[in-house]
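This report concerns only the one structure given below.
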């Protein structure tokens, strides 16, 4: 599993495909479908791959990024080439940067490969969307699939309550009950990339659709809470068969191991791969509350050292 925002945006992209194309500068009226993004030849997976059934057909490759990754441009180039080879069509690659910490001077929209003193032998162009630079109205008036990105756009904290009311008005007006749950869940998860969780909770207070949604439950299932609940549940089941004490002990240990693994996976997505010292420190943790706090504070950290120093 990656970060919970991966799960929420997955539903948005798959359920509201055409809404994402204008955001990336490529509005079309042709049918669009999600295709398999697994690129097993490099043991990696591109974020979202959309097949646009125009004539000629082409692929939109979306990479949603919340943390700094120095290898992002080269990785995007590799994905672009592999997708083109696998599907035998042209591929547009688009980097959607969800917060400022994901940005860097190398993300220019162009990669040139060449030897010193010689013309480049390969030029690769891609598109970069910096969500925090987008006018908030451009998202409020776009398709419902990108509406949850609005709180990450060019908006101040003081304007959030008004913005949430405007988002709610559109959802109430245009979305089904099931879609409303998906959209509010995605809004909640994505807001956590920029704002403190206490502020997010205050602003979204009273939104019942969110926790009732199937999407929210799926994200929880993939997240920290589900890992702990699963460990405890398995421990209780084993307790019925082998003894309550032994089952609970095994369940708690499994829950701890799941929490550690989730923290490392989410952190790698946001902060990059931890060094041996940071990973070892997390592996030694036996405090569920501590692991939970660290996972909650991942969006606030710039690196692993800063995260581990947090109370």
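Which ones in the range 257-292 are assigned to a loop (DSSP other than H, G, I, E, B) and within 24 Å of residue 70 (Cβ to Cβ)? Once the filter is applied, which keeps residues that are assigned to a loop (DSSP other than H, G, I, E, B) and within 24 Å of residue 70 (Cβ to Cβ), the range 257-292 yields 272, 273, 274, 275. Residues of the range 172-218 being modelled with pLDDT under 85 and part of a loop (DSSP other than H, G, I, E, B), which ones? 204, 205, 206, 207, 213 - these are the residues of the range 172-218 that are modelled with pLDDT under 85 and part of a loop (DSSP other than H, G, I, E, B). Residues in the range 85-100 that are outside any helix (DSSP H, G or I) and without any contact (Cβ under 8 Å) to a residue 60 or more places away in the chain were compared, and the one that is nearest to residue 268 (Cα to Cα) is 97.
The values are calculated or read from the model by the stated rules, or taken from the named source; none is laboratory data. Given the structure is predicted, the values throughout are model-derived calculations rather than measurements. No Cβ is skipped: glycine too gets one built from the backbone with ideal geometry, and neighbour counts run over all protein chains shown.
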